1. Could you check, for segment 63-73, whether at least one of its residues is in contact (Cβ under 8 Å) with a residue 12 or more places away in the chain and charged (D, E, K, R)?
2. If Lys99 satisfies every condition in (1) under 20 Å from Ser61 (Cα atoms); (2) modelled with pLDDT under 90 but one, which is the exception?
3. So which pairs qualify, if the first residue must be in segment 120-142 and farther than 11 Å from Ser85 by Cβ, the second must be modelled with pLDDT under 50, the Cβ gap must be under 8 Å, and the two must be at least 6 apart or on different chains?
4. With respect to Ser85, is the statement that it is more than 27 Å from Phe118 (Cβ to Cβ) and either among the small types (Gly, Ala, Ser) or in contact with a Lys or Arg (Cβ under 8 Å, 6 or more places away or on another chain) (or both) true?
5. Given the criteria more than 16 Å from the chain's Cα centre (by Cα) and over 30 Å from Trp127 (Cα atoms), does Ala43 qualify?
6. So in segment 104-116, with the set limited to residues that are open to solvent by 80 Å² or more (accessible area, probe 1.4 Å) and assigned to a loop (DSSP other than H, G, I, E, B), which one is farthest from Leu63 (Cα to Cα)?
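The values are calculated or read from the model by the stated rules, or taken from the named source; none is laboratory data. Here the structure is a predicted model, which means the values were calculated and not measured. Glycine gets a Cβ as well: all are built from the backbone with ideal geometry, and neighbour counts include every protein chain shown. Areas reflect the complete protein model, heavy atoms only, side chains present, ligands, DNA and RNA absent. Shrake-Rupley method; radii C 1.70, N 1.55, O 1.52, S 1.80 Å.
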Amino acid sequence: MTERKPPGVSFESFVDKQIREAAERGEFRKLAGFGRPLEDDTAPYDELWWIKRKMHREGASVLPPALALRKEAEDARAAIDEAVSEAQVRRILGEINTKIAEAVRRPPAGPPLNLRPFDVEATVAEWRTSRPGQEGEHGKHG
């Protein structure tokens, strides 16, 4: 526990003594980040630094709706490449196409959307030809 500053002792010497004693006890070695270099302090001050750090740590991001949908479309394309059945490809396409169609009808705020719904049959055909031995999946949709 921190002791009170005794009367007649300057504030600086009182603080310096507490820091020295804590260092002698090894209390600073227990701190997170001990032994690692400090972050770059040459960047201009940002009042929201702690919010940005917390969002980064938690994997959160805030994109304008149009950019978020473009990212979601890219993720859908990657998911299609990993899909194991035609039914899964069609489900992924149906979900993203619904979102894209809604955004085309009611454009979101922010940068232009620059997206059109995926051509389901062409994308399924592409997916099918990229997988030898998947021809038997052609007729299955569920």
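1. yes
2. Answer for Lys99: the failing condition is (2).
3. Once the first residue is farther than 11 Å from Ser85 by Cβ and sits in segment 120-142, no partner that is modelled with pLDDT under 50 comes close enough.
4. It is false that Ser85 is more than 27 Å from Phe118 (Cβ to Cβ) and either among the small types (Gly, Ala, Ser) or in contact with a Lys or Arg (Cβ under 8 Å, 6 or more places away or on another chain) (or both).
5. yes
6. The extreme case among them is Arg116.
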